[in-house]
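First up is the structure itself, then whatever we jot down about it.
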Amino acid sequence: MTFKRRLPYFLGGLIIGIILVNFIWKKKGTEFNYGPNSRVLKNLSTKERVYSDNALMILNSSEIDTANISQILKNGNVDLGNKIKLDSCFYQYNIQGRKELKNVTLTVINCESSAIVEDISIE
């Protein structure tokens, strides 16, 4: 069989395989957190969230609530270039929201068992 005759069979099998794998992975809820941004956000979102007094004061005085904070911690952009190594906890991260929460930036401290929302800045 020539290459021209084998190519449609190969492409047909490849497409069927991609559809099957995609269907199975969607059913299982598989996530691929290989990038540094995704790994940090996954780590922070699974931990207990603690709010500092300053963050609570900003939450009470603005239209942002804890649902918005959860959305930022799930889909935000982590500024990995400005992470700060701390003595008591692992790192301090600045996380900026996406889309309609673009003007909100969180300062989050990643500890072993909790994620401390230290500051919320609204531009």
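Only the coordinates and a few stated rules stand behind these numbers; no lab work does. Quick caveat: nothing in here was measured; it's all calculated off a predicted structure. No Cβ is skipped: glycine too gets one built from the backbone with ideal geometry, and neighbour counts run over all protein chains shown.
Numbers below:
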read-out	value
Order of Val117, Val40, Val21 - criterion: other Cβ atoms within 10 Å of each residue's Cβ, fewest first	Val21, Val40, Val117
Cα centroid separation - segment 4-31 against segment 56-92, whole Å	39 Å
The chain: most fluctuating residue of Gly97, Gly76, Gly13 per GNM, C-alpha cutoff 10 Å	Gly13
In nm, spacing of pseudo-spin labels at Asn33 and Arg49 (7 Å Cα→C-beta vector)	1.5 nm
Where chymotrypsin sites (Phe, Trp or Tyr not before Pro) fall in DSSP loop in segment 73-123, at most 15 other Cβ within 10 Å	Phe90
Under 11 Å from the Lys26 label point (7 Å along Cα→beta-carbon), backbone N, segment 37-81	none
Kirkwood-type radius of the chain, with distances r between different C-alpha atoms, in Å	17.0 Å
